[in-house]
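Take a look at the structure below.
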Amino acid sequence: MSDADDQSTTHFGYQTVPESEKAGRVHGVFSSVASRYDVMNDVMSVGIHRLWKDAMMDWLAPRRGQRLLDVAGGTGDIAFRFLKRAPSASATVLDLTEPMLIEGRKRAEAEALADKLDWVVGDAMALPFDANSFDVYTISFGIRNVTRIPDALSEAYRVLKPGGRLMVLEFSQIPNDLMQRAYDLYSFNVIPRMGQMIAGDRDSYQYLVESIRRFPDQETFADMIRAAGFGQVKYRNLSMGIAALHSGWKL
């Protein structure tokens with residue numbers, strides 16, 4: 001296979017697909033599950049995603065007056081948490097999938113925080129914002145769905161102000177092989193079935209499980225963040241590595 005061929009394909013779960021198709025397929029997955037997305041997160045993490053997001057906020061330590069960009073943040077979970085901890089801050093929620101944003105805007109928190117929140121349809125690989133616009137960039141359980149992760153990280157670096165911070169929450173890899181195998185058994189055998197039961201959509205959940213296993217391990221992803229220009233890159237494992245938080249700074 002030539003370099004050109006390598007560059008023109010990407011992974012959609014365990015399938016190899018043309019890069020030009022992935023965004024549309026991901027859009028289809030999240031359009032399908034939008035109305036049950038928060039339930040889906042509870043299913044996939046056994047409810048622990050709420051604790052992970054709180055841990056993200058603890059490390060992030062939102063401050064008054066900051067401007068947050070939450071990418072792939074459709075239902076607003078991260079933006080709501082950020083604004084509750086820093087009431088004078090503002091947040092922009094960007095998502096490729098408009099139905100996800102619609103679900104976010106329906107939440108009670110959205111109405112209460114409407115004057116501090118913007119909802120934008122957009123692509124993580126081509127953000128519709130000027131350079132040096134935001135103090136904080138977050139992406140939670142979204143970066144593994146991006147067609148070209150290095151492009152998304154470069155865009156994150158571009159739109160952050162000097163001194164700005166990137167934080168990524170994503171499903172990751174458990175360092176212990178035996179525990180990883182046990183988690184894989186649960187993921188591949190239980191989650192798609194629960195997706196069928198709860199949302200009537202086995203295929204979307206099957207993709208989401210596969211996309212987790214295709215995502216780079218913690219050290220590899222940390223190297224990708226450094227390659228995008230970020231400094232002081234660190235990560236913390238959550239629940240033994242089922243998920244991980246990655247942090248980097250635009251220095």
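For the reader, a short list of remarks on this structure follows.
- Scanning region 102-145 for residues that are under 22 Å from SER45 (Cα atoms) and either aliphatic (A, V, I, L, M) or more than 16 Å from the chain's Cα centre (by Cα) (or both) returns GLU103, ARG107, ILE139, ILE143.
- Output for region 66-78, where each listed residue is within 12 Å of PHE134 (Cβ to Cβ) and surrounded by 23 or more Cβ atoms within 10 Å (Cβ to Cβ): LEU68, LEU69, ASP70, VAL71
- Near pairs, Cβ below 6 angstrom, 6+ apart or cross-chain, from region 195-213 (in contact (Cβ under 8 Å) with a residue 60 or more places away in the chain) to any residue that is of a type outside the set (Phe, Trp, Tyr) and outside any helix (DSSP H, G or I): GLY195/ASP201; TYR207/GLY13; GLU210/GLY13; SER211/GLY13
- Candidates are the residues of region 162-186 that are touching a strand residue (DSSP E or B) at 6+ places or on another chain (Cβ under 9 Å) and not in a strand (DSSP E or B); the one that is nearest to HIS246 (Cα to Cα) is SER172.
- Restricting attention to region 129-155, the residues that are crowded, with 18+ Cβ neighbours inside 10 Å and either touching a helix residue (DSSP H, G or I) at 6+ places or on another chain (Cβ under 9 Å) or farther than 13 Å from TRP249 by Cα (or both) total 17.
- Taken over region 202-251, the residue count meeting the criterion of being assigned to a loop (DSSP other than H, G, I, E, B) and touching a Lys or Arg at 6+ places or on another chain (Cβ under 8 Å) is 4.
- Some residue of region 97-117 being at pLDDT 95 or above and not in a helix (DSSP H, G or I): yes
- When each of THR147, THR138 is tested for being of a type in the set (S, T, N, Q), in a strand (DSSP E or B) and closer than 22 Å to ASP223 by Cβ, the lone residue that passes is THR138.
- Of all residue pairs spaced 6 or more apart or on separate chains, those with beta-carbon atoms under 6 Å, a first member in region 147-163 that is closer than 21 Å to GLU21 by Cα and a second member that is of a type in the set (S, T, N, Q) and surrounded by 15 or more Cβ atoms within 10 Å (Cβ to Cβ) are THR147/THR10.
- Across region 90-98, not a single residue is classified as free of Cβ contacts under 8 Å to residues at least 12 places away in the same chain and over 22 Å from PRO162 (Cβ atoms).
The values are calculated or read from the model by the stated rules, or taken from the named source; none is laboratory data. Quantities reported herein were computed from a predicted structural model and do not represent experimental measurements. When we count neighbours, we look across all protein chains shown, and the Cβ atoms used for this are built from the backbone with ideal geometry, even at glycine.
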